[in-house]
Structures are given as structure tokens and as C-alpha cells.
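The values are calculated or read from the model by the stated rules, or taken from the named source; none is laboratory data. What you see is a predicted model, and the numbers here were worked out from it, not measured in a lab. Quick reminder, even Gly has a Cβ in these numbers, built from the backbone with ideal geometry, and neighbours come from all protein chains shown. Side chains are part of the model used for accessible areas, which takes the heavy atoms of the whole protein and leaves out ligands, DNA and RNA. Shrake-Rupley method; radii C 1.70, N 1.55, O 1.52, S 1.80 Å.
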Amino acid sequence: SVLEAEKRIRAALRLGVRHFDCAAEYGTEGAVATAIADSTIPRAELFINVKVAAESAEDMRKALVDMRTRWGEGHIDCLMMHKPPSDPTKFEEVWSVLEEEVRQGRARLLGASNITEQQLETLCKATRDQRFWPALVQIKCSVFHQGGYFSETSLSNLWSLIRQKGVVPVGISLFNSLHSTVEPLEEPMLKSWSSKLSISPAKMMFDWSRQIGVCPLVRCSESHASELFGPTFELPTAVMGALTGLAALTEHPLCQAPFDTFRLRASDCGSKGLRRYRACGEALRGRVVQIHSLRSTAGRDLNGQTGLLMDFDEASGRWGVALPVGDRKIRSENLALLPLDSKSESNGDDATRAGRFLQELFQTGGMDKMLEHLTKHREAVTWALAETVEANLENSQAKGFAVKAQVLAKLLVAVQDELKARQPRPEQVPLPPPMLSGKACWYSNGAVADSRRYDEDEAERLASACAALLEEDGYLICEEFVAADEIASLAAELSSYGEGFETAKIWVGKDAAGAQLSVPAVRSDRIMWVCGQHHTPVEDHLWDSAGTQPKVGLAPCKPNIVSSSPITSFPQLTKLMRRMDDFVLHRLAPKVPRLVKLVERSDCMVSRYEEGARFQRHIDNPNQDGRRLTTVLYLNSTGEPWREEDGGALRIFPKDSSEAPMDYLPQGGRLALFYADIVPHEVRPSERKRMALTYWWFDRGEREHMLADIESTGVNSINDKDEQKAQEFIAFMLNAKTKCEELLPRAEKLSKRALATVAAVVGAETGDQALEGLGRLKSEDLDRLRGSMGRMGLD
């Protein structure tokens, strides 16, 4: 969508991406232009490709006028011919229109996409001014197809021409299968190599493209972009050669030898049900189905029979089927919906037809054409065809026909997918845990009650309901935990400290050693800490102090932060904090086994998200630091309800990974509670100002165990100055511009205590070992270290 395109461009800009490609045909060119125009990044730092296509010179002039309405009169870095006109005689005529854009200063460079090597040679002929040669050519380039779609003779001719003319190749379709039989990101060898190098398959292919001299152009989500455009990884020479050699897998002809057998087997086509679903089969009642793959003695007699679908029985998970021999209950995975005009055929006929159709598929002459033929003749896709393809696959594997086996494996997946699509399934709708409401606890005769006079019975009922959901799901959402007028007062009170908000940081380190650093690609909100009113002394270390603790009441954790309002304390926040303490520590915790030892809460973190700010998927407490429960109260009180397009949703990932994540909008007064050490979650990019209060609640046993571990390592003896120096060094090491040889001289200037902290972060036992390791560090080692440290604390 246009909105999604704008969000992705803004996210990419924040991640440091500076090269963008767009075209009118994509439908998002206007969104790209808008996002870039709204950016504060200087235009000179960006490189924009804009692709245009037309069948004649006049059409090209009109297309360029339309383009300039979206981009304005400023120059385009590279104006590209998206595809040549279908009439070859008009090719140079259309190109000449693009040349005029360079003459008029509206484009710096020209480029081309979807052209052949002969057309590239025409554009780079000696009689043409080199200003009008294509500076960039977009090439379909993956490990399986390294520009092959552009070469009419051989790959070597194409690459030789590119090098000879000084054209920059830009690789597209890096992750697409094209006519390959295996998705590049799913290629087993590629996955194995990337695992050994501790990077993702996508990152390995991205850096492979860069190392062979091709500029990789990818379409990806924000989470993938943060990885791909992060620190580069230099692939070993052996891996580069192996990856480049994978193209040979697609250069051999198919070995055609259909194996006409039909063996009825159990088909692995069942689908795992969601933990929560509602089922209904009314829309399918009366449809004709065919039974297949039953294994029991009685079931084998039913295989191949057709009948009418009746009701779906939720208790047994089976469908009622009316057969000539009587009604039976059959599982969904053993039924195939037949087309409305389908007639049953005998098993023998099925096997014969399947063998003949497989021969037809092989004779089409390529994987893409095979799949196209399969799509056009869906009526020929039967369970007999699936078994015939599977038997051929086994035969090819046994005889060592590797390429044919790849083709058959791809074909088998396509056949099974088509058959699965015909299975009668009940409608499955994932349902979130029920939302609770705290309204009855805090309201009395329409007025907000004081926290010390709220309805005791309602508060107990709410706590019991919260306990049940926490034990079942690990999280819950409670509506109207705080009344709307209280939220408005609280938001105004906190907003008066606007200058006190600073860029949020994440913990980068291992166990107790590390540093709080700003990593915008992971987290980009702004926060302010409010200290005070704890139940245990700070000296007991049962919670982490975020700054200077006031002697009484609440105050900003940084004393230099001043309110713009005449009110300098936090009366509304104090009132809320008492309510939260009573509800969590005295009512909820005793009812939940995992929370019975809660002893203290953190200081209050006030967070602000806006302009696309987000926090990637993570777990709050991955290192058992004592935090057992997280509570988040939303303070958005503008009077307008929060909409989906505003973003900023809290995304919770359920315990069952097969279930889809649940998104909850940050409506004012809504309270989210979840286990801090178990539940993965993220904050989606927020396009509207989003404010929230967060508290963490500490478990005494886990906290004391962590303190004992810290005491044994001596890390807690570091003073503020040494800690700051250690953090500065870690930030310097994470900076992509820092070179290996710069690390050791800087580390040698650290104090022993600061160096001990650095050693713990990088995995060395002592400071001397850390110095020795830094002296031997190579660039690839540093990149791996940065990659592992940059994701500490993320899920």
C-alpha cells in the first residue's frame, strides 16, 4: 500500500539506506517521493533511480511529465528505461528522449533495465556521447541465475560487455527463485554455510552480490533491512566460489524418464489447528469429496470413493461424509474437495492419466513452463499425480539424477499445494485472550474514586481474572484501568518535562557486564525516568536505580531536569503509583505462582514514540536480572481514538509459535501486563505521538541470585567514572567506522576496572586476555562481534 511504502522508506532512511529504486508501474512512486521530500536528510546524500517505460518517443515525453509532477523540477540521479518498446525499431528513438533529460539537467545519469546484451551494446556504441551511455544496468542476479535472463548467447559475453563499457551492474531478484527448482534462501547448502558463518542466508547472499561487484537492490521489511544494511561481512574465498558455482545446477537439461506407478500412501497434508478457533462448515455442506490415504484395513476399502460432505464435528475433528456404504466420519487430511462438475474415476484410470500428464509437463521445456501448464490444467492435479511425481522423485534420487530430482521436488510441492487448497477445512479464526476492564474498581456514581476507597470486591475480581489469564497466556490487556480524565491530567503532568526526554538505550553486554547504548535500528523512542517511593532501601539492590533517588516523594532521576509548569512534583503519578503497588503487589502477586515473591518495582519509565519510532521484538529480561512482570499503562489522551494507521501497537507473540502475533493499540487508560522474562513483544512504528508508563516488578529470589553472581565477578565494584569509560569504549567498538588497529591503543588506556567490564562483554576472562584478543582481531572477527553484541537482549 502507499502508506506502507512511505513507512518503509522512512524506516530505511533511519537505518542509513541512501539508494532507492522506484517506478510508476509499482504504484508507490508518489509515496517514495513524499517520504524522501519529508526527510531531513540532505538530498545530495541520496541516490534515486526512477524507471519509466513507453512504446514511443511521444509516450515517453508524457510519462516524464507525469513523473516530474511527483518529483518536482529537481534532478533525478538516474533516469532508467524500465523496459524497451515492443517495436525494436523505436528503441533508440525512445532512448533519445531520455538523453534530452540529461541535456536539460533534469537527470544526472541514464540507466536501463530488462534489456538484452545486444541492446546494451547499441546504447554503448562508439558514435554515442558517453554521457548518454547507461551508467547502471539492472540485472536479475541470484546465485542460481547470474544475469542469465539478459544473455542471448552466454553469460561471459554479458559480463565482458559490462566490464568493457564501465557499466555498474545492479542486481535485482536476489532472493527470487525465477525458474530455479529451489528458493535461494531455502537452498540446503546455502543455509548450512550461513549457519556456520553465524549470519542469515539473506545476509550471505547480499554480501555475495556485493563481493562479485554487483550492487544489490532488495525489497525487504524494516527488520530485514537493519540486518542487510548493517556491517558488511567479507565471505571467505571458498564460500564465494561455492556460491557462484551454484548457477551450474540450472544449466543442465531435464532427464526425462517418467516412472508410471501409483502407490497410495498417507499424505502429510494435515494442518495444525490453532489453540483457539471457531469452526463452521455450513458453506461446504453438500460438496463432493474424494477419500484418500486411509491406512486401516477398513479405510483402504474407502480410498478413492466419493461422497457428500455433511457437518464438521468439533469434538472429534472429523467431517461427516455420506457414502454409498453408509455415513462415515473422516479427518480433513484424508479428504479432497472435487470440482463442482467433477466425476469420480477409478484408481487405475487415475494412475494412467497421472503418468501421461507428467510426461506432458516434462515436454513443456522448463520449470516455469511446467508450473504454468500445471496451473492451466488444475483438473489434472489428482492424488494419483502426487504419488506418481513422488515415485519419480525417489527413482531419480536413487539413480543420482540430481537436477531432475530438484525439478520433481519443486513440482511435487506445487501439486501438493494445489491439493491442500481443495481440502475442506473449518473456518479458523485466532482469538486473543478476553480483554478485562478495570472500570468498576475505580468508579463510584460516575465519579472517579480515590485509590484508597476503590471497590474492594471489584478489585479482587479483577485481580483473579488477571491471574487466570497470566497463567494461561503469559499476558493480558485491561481496558480503562485508569479513567480518561485521570489520563489527561497525568499526560499533561509528564509532558511539562519535555526537555527531560532523551534517546532510549538498550543493554549491550553479557550477563551483568555491558553498557547501555543507543541503537536506533533496534529502539528509537525517547524516555524520561522518574525516581522515588520504593518499598526497600536502594542499598539492598533489590531493584536498579535509574538515577538520584529523592528523599521524599517523586522527582526526575536526573536532578537537572526542570518542569515548564509551576507544579514541580508529581501528584497524579504519585496517586497512580500507589494504586499500581496495591493492585500488583498485594492483590495480583499472591494469586500467581510465578509472582508470589515479588518484592519491589522499578523506577517509572515514561516513553514517547513518534515519527516512526519503534522497538524491535525482544524479551525485557533475557538474563534473569530479577524482573518478573512488566506493566505498561498508555497515556494517549488527545480525545481521538487511536487508529490502526497511527501505528504504535504493542505486538505480543504467543507461546505457541504457530499462532499469529496479536496487536493491541495504545488506547489511553489501557494497561498491558506480561511476564518480563518470557513474553517476546515489540512496539510497531508509531506515526502519532504515543506516551506510556512502564514499571518492572522484581522477584526477590532471582534478584538475590543475580546479586551473588555479580559479587563473585567483582563487576559491581566499578565506579561511575570507570563505568563511563568502559561504555565509551564499547560504543567506539560498535561504531562501523572504527578500524581493528584503533581498538588496542585505546583499550590500553583504560583502568583495570573499566577493562574488566570490557573483558566480560567480549567474552574474555581477564583484562589481559581482552587486550591480547583485541591485538589479534581481524575485520571479519570484529564484524561478527558487533553482530552478536548488537542483538544482545533481543529475542
So Phe481 ticks every box in (1) outside any loop (DSSP other than H, G, I, E, B); (2) farther than 17 Å from Leu554 by Cβ but one. Which box is left unticked? (1)
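Per-residue answers, yes or no, for (1) modelled with pLDDT under 95; (2) part of a strand (DSSP E or B); (3) open to solvent by 10 Å² or more (accessible area, probe 1.4 Å):
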residue	(1), (2), (3)
Glu58	yes, no, yes
Arg61	yes, no, yes
Arg68	yes, no, yes
Gly74	yes, no, yes
Cys78	yes, yes, no
Thr89	yes, no, yes
Gly105	yes, no, yes
Arg108	yes, yes, yes
Looking at the range 578-623, which of its residues are open to solvent by 30 Å² or more (accessible area, probe 1.4 Å) and under 30 Å from Ala35 (Cβ atoms)? Arg608, Glu610, Glu611, Arg617
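Condition check ((1) buried (at least 21 other Cβ atoms within 10 Å of the Cβ); (2) under 24 Å from Glu610 (Cα atoms)) across all residues:
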| position | (1), (2) |
| --- | --- |
| Leu629 | yes, no |
| Glu640 | no, yes |
| Leu650 | yes, yes |
| Gly668 | yes, yes |
| Leu671 | yes, yes |
| Pro680 | no, yes |
| Ala692 | yes, yes |
| Glu711 | no, no |
Given the options Ala405, Ala391, Ala398, name the one that is assigned to a helix (DSSP H, G or I), crowded, with 17+ Cβ neighbours inside 10 Å and modelled with pLDDT under 85. Ala391
With the first residue restricted to the range 550-564 and required to be free of Cβ contacts under 8 Å to residues at least 24 places away in the same chain and more than 10 Å from Val530 (Cβ to Cβ), and the second required to be among the small types (Gly, Ala, Ser) and open to solvent by less than 100 Å² (accessible area, probe 1.4 Å), Cβ contacts under 7 Å at 6 or more apart or on different chains are Gly553/Gly532; Gly553/Ser569
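Report yes if some residue within the range 494-504 is assigned to a helix (DSSP H, G or I), open to solvent by less than 20 Å² (accessible area, probe 1.4 Å), of a type outside the set (S, T, N, Q) and modelled with pLDDT of 85 or more; otherwise report no.
Within the range 494-504, the subset assigned to a helix (DSSP H, G or I) is 494-495, 498-500.
Now narrow it down to the ones that are open to solvent by less than 20 Å² (accessible area, probe 1.4 Å): 494, 500.
Narrowing the set further to residues that are of a type outside the set (S, T, N, Q) leaves 494, 500.
Applying the additional criterion that residues be modelled with pLDDT of 85 or more yields 494.
Yes, the conditions are met somewhere in the range 494-504.
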Of the residues in the range 8-41 that are out of contact with any helix residue (DSSP H, G or I) (no Cβ under 8 Å at 6 or more places or on another chain) and in contact (Cβ under 8 Å) with a residue 60 or more places away in the chain, the one that is nearest to Pro520 (Cα to Cα) is Arg14
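Residue under question is Asp349, and the condition is that it be at pLDDT 75 or above, part of a helix (DSSP H, G or I) and open to solvent by 40 Å² or more (accessible area, probe 1.4 Å); does it hold? Explain how you work it out, then say what you get.
Working: at pLDDT 75 or above: no; part of a helix (DSSP H, G or I): yes; open to solvent by 40 Å² or more (accessible area, probe 1.4 Å): yes.
When the stated conditions are applied, Asp349 does not pass them.
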Quick check, is Ala126 outside any helix (DSSP H, G or I) and modelled with pLDDT of 90 or more? no
Filter the range 738-778 for residues that are hydroxyl-bearing (Ser, Thr, Tyr) and loosely packed, with under 15 Cβ neighbours inside 10 Å and give the result. Thr766
Let me spell it out: the conditions are (1) in a loop (DSSP other than H, G, I, E, B); (2) surrounded by fewer than 19 Cβ atoms within 10 Å (Cβ to Cβ), and Ala54 meets all of them except one. Which number is the exception? (2)
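This table checks each residue for (1) at pLDDT 85 or above; (2) surrounded by 19 or more Cβ atoms within 10 Å (Cβ to Cβ); (3) outside any helix (DSSP H, G or I).
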site: Leu411; (1), (2), (3): yes, yes, no
site: Gln428; (1), (2), (3): no, no, yes
site: Leu431; (1), (2), (3): no, no, yes
site: Pro434; (1), (2), (3): no, no, yes
site: Glu458; (1), (2), (3): no, no, no
site: Cys466; (1), (2), (3): yes, yes, no
site: Leu470; (1), (2), (3): yes, yes, no
site: Ile477; (1), (2), (3): yes, yes, yes
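Going residue by residue through the range 604-622, is there one that turns out to be within 31 Å of the chain's Cα centre (by Cα) and farther than 30 Å from Ala12 by Cβ? Before you say what the answer is, go through the steps one by one.
Narrowing the range 604-622 to residues within 31 Å of the chain's Cα centre (by Cα): 604-622.
Retained after the next criterion (residues that are farther than 30 Å from Ala12 by Cβ): 604, 621.
Within the range 604-622, one or more residues are within 31 Å of the chain's Cα centre (by Cα) and farther than 30 Å from Ala12 by Cβ.
Across the range 180-195, what is the number of residues that are modelled with pLDDT under 75 and open to solvent by 60 Å² or more (accessible area, probe 1.4 Å)?
Counting residues in the range 180-195 that are modelled with pLDDT under 75 and open to solvent by 60 Å² or more (accessible area, probe 1.4 Å) gives 1.
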Subset of the range 538-554, residues open to solvent by less than 30 Å² (accessible area, probe 1.4 Å) and under 38 Å from the mean Cα position of the chain (by Cα), comes to Leu542, Trp543
